[in-house]
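So the structure is just underneath, and the comments pick up after that.
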Amino acid sequence: MRVVIQRSKNASVTIEGVIHGKISYGLVVLIGIEHEDTQQDADWLIGKIIGLRIFSDEAGKMNLSIQEINGQFLIISQFTLHASTKKGNRPSYIQAARPETAIPLYDYFIRELSYRSSLSVETGKFGADMQVQLINDGPVTIWMDSKNRE
């Protein structure tokens, strides 16, 4: 399971001209699920994301977690995070999980993140054509993969 996390001042996801999810200060999490991912991958990433100290304290140092600033999450599925660009110019998405595997893990990730963090969690819609807008604060962008835990 792969995520790109962006600290944002505000963000939204629009589907067919309608805002589907919107947050103010918090994290936009783009999540890509591959066919071998399990709930343990989601659990590990959730723990890391909740604990990331990437928000500024009173001294201006990145020392606070999203819980400490009472932030919000915007979670968006993005299979293209598993693109392979080794051959040719057309990316291959062979590692990305099929919907029957990815949707239950995506839903689990959202439920568990909401439960463990007790924070507001907004989402996109799995498989939809989405337009994402955000003001990346910092900018702070972090990439994590549950297969690279060590």
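Please treat every number below as a calculation from the coordinates, not as lab data. Bear in mind the structure is a predicted one, so any value in this text is a computation, not a measurement. Because the Cβ atoms are built from the backbone with ideal geometry, glycine has one as well, and the counts that use them run over all protein chains shown.
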Given 81, 52, which one is buried (at least 20 other Cβ atoms within 10 Å of the Cβ) and either under 15 Å from the mean Cα position of the chain (by Cα) or touching a residue at least 40 places away in the same chain (Cβ under 8 Å) (or both)?
81
So which residues in segment 1-36 are acidic (Asp, Glu) and over 15 Å from the mean Cα position of the chain (by Cα), if there are any at all?
16, 36
Residues of segment 119-149 that turn out to be in a strand (DSSP E or B) and farther than 15 Å from residue 11 by Cβ, as a count:
4
Quick test of your reading of the structure: residue 31 fulfils all but one of (1) in contact (Cβ under 8 Å) with a residue 60 or more places away in the chain; (2) over 20 Å from residue 111 (Cβ atoms); (3) among the aliphatic types (A, V, I, L, M); (4) buried (at least 16 other Cβ atoms within 10 Å of the Cβ). Name the failing condition by number.
(2)
Taking the condition buried (at least 16 other Cβ atoms within 10 Å of the Cβ), free of Cβ contacts under 8 Å to residues at least 60 places away in the same chain and not aromatic (Phe, Trp, Tyr), does residue 71 pass?
yes
